[in-house]
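Peer 1: First the structure, then my questions, so here it is.
The values are calculated or read from the model by the stated rules, or taken from the named source; none is laboratory data. Since we're looking at a predicted model, the values are computed, not measured. Positions of Cβ are backbone-derived with ideal geometry, glycine not excepted, and every protein chain shown enters the neighbour counts. Surface accessibility is based on the protein's heavy atoms, side chains included, excluding ligands, DNA and RNA. Shrake-Rupley method; radii C 1.70, N 1.55, O 1.52, S 1.80 Å.
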Amino acid sequence: GMELPQRDRQSAERAREEASLIDVMEMAAQFFREKLAGGVGAEARAYLERRGVKRETIERFGLGYAPEDRYALLRHMKAKGIGIEQMAEAGLIISGADIPEPYDRFRNRLMFPISDARGRTIAFGGRALDAAAKAKYLNSPETPLFHKGRVLYNLHRARKPAHDGGAVIAVEGYVDVIGMA
């Protein structure tokens with residue numbers, strides 16, 4: 001007997017934008033998966049092998065690789081008709097008034113897609129493969145889709161087993177989560 005709130009024009013527009021950004025994020029995830037499987041992903045594959053991550057696990061978790069090329073994802077997405085504004089809003093590139101030329105946020109990193117509770121890619125975590133990198137891990141910034149404090153990595157896969165088993169085991173790192181799964 002509860003009355004549902006009416007959708008206003010703003011919330012309908014926000015839902016359309018989110019759906020569009022979800023598409024952009026899935027395109028990026030596919031790009032990263034292809035790069036991991038290709039020649040440029042050899043170092044990332046070797047890292048995963050050293051950590052004992054099997055091919056089936058790589059595929060199940062949708063792991064990928066962001067090439068060292070500063071513009072690889074940007075060029076790929078532009079070729080697919082995605083604009084700079086959408087890529088920036090999704091947190092995939094670094095851009096702004098003080099940046100003369102936008103460039104990829106993630107470079108030479110093993111990529112971990114971060115999903116919402118429904119399993120849709122909403123962000124990425126990237127692990128540096130270069131020991132000299134300033135940040136070992138780099139996550140997507142806050143976006144209309146991603147709010148770090150409200151997202152638990154692997155929730156969409158763990159929710160039912162956690163409910164059925166009545167327990168949750170929380171670990172810190174992406175590879176730790178994957179190892180536990």
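Peer 1: Can you tell me which of (1) part of a loop (DSSP other than H, G, I, E, B); (2) buried (at least 17 other Cβ atoms within 10 Å of the Cβ) is the one residue 74 doesn't meet?
Peer 2: (1)
Peer 1: Pairs please, first residue from the stretch 155-181 and on the phi > 0 side of the Ramachandran plot and free of Cβ contacts under 8 Å to residues at least 40 places away in the same chain, second anywhere and part of a helix (DSSP H, G or I) and not aromatic (Phe, Trp, Tyr), Cβ atoms under 7 Å, 6+ apart in sequence or on different chains.
Peer 2: Once the first residue is on the phi > 0 side of the Ramachandran plot and free of Cβ contacts under 8 Å to residues at least 40 places away in the same chain and sits in the stretch 155-181, no partner that is part of a helix (DSSP H, G or I) and not aromatic (Phe, Trp, Tyr) comes close enough.
Peer 1: Taking residue 81 as the residue in question, decide whether it is small (Gly, Ala, Ser), assigned to a loop (DSSP other than H, G, I, E, B), without any contact (Cβ under 8 Å) to a residue 60 or more places away in the chain and surrounded by 18 or more Cβ atoms within 10 Å (Cβ to Cβ).
Peer 2: Taking the combined requirement at face value, the residue does not satisfy it.
Peer 1: Let me ask something additional. Within the stretch 154-165, which residues are over 20 Å from residue 57 (Cβ atoms) and either of a type outside the set (Gly, Ala, Ser) or open to solvent by less than 40 Å² (accessible area, probe 1.4 Å) (or both)?
Peer 2: 163, 164
Peer 1: With respect to the numbered conditions (1) closer than 22 Å to residue 37 by Cα; (2) surrounded by 15 or more Cβ atoms within 10 Å (Cβ to Cβ); (3) modelled with pLDDT of 95 or more, which one is the sole condition not fulfilled by residue 89?
Peer 2: Result: residue 89 fails condition (1) only.
Peer 1: Among the listed residues 151, 168, which satisfies the condition of being open to solvent by less than 50 Å² (accessible area, probe 1.4 Å) and out of contact with any Lys or Arg (no Cβ under 9 Å at 6 or more places or on another chain)?
Peer 2: Selected residue: 151, the only one of 151, 168 that is open to solvent by less than 50 Å² (accessible area, probe 1.4 Å) and out of contact with any Lys or Arg (no Cβ under 9 Å at 6 or more places or on another chain).
Peer 1: Inspect the stretch 165-181 for any residue being part of a helix (DSSP H, G or I) and among the small types (Gly, Ala, Ser) and give the result as yes or no.
Peer 2: Checking the stretch 165-181: at least one residue is part of a helix (DSSP H, G or I) and among the small types (Gly, Ala, Ser).
Peer 1: Here's another thing I want to ask about it. Return the residues of the stretch 119-133 that are among the charged types (D, E, K, R) and at pLDDT 95 or above; say none if nothing qualifies.
Peer 2: 120, 127
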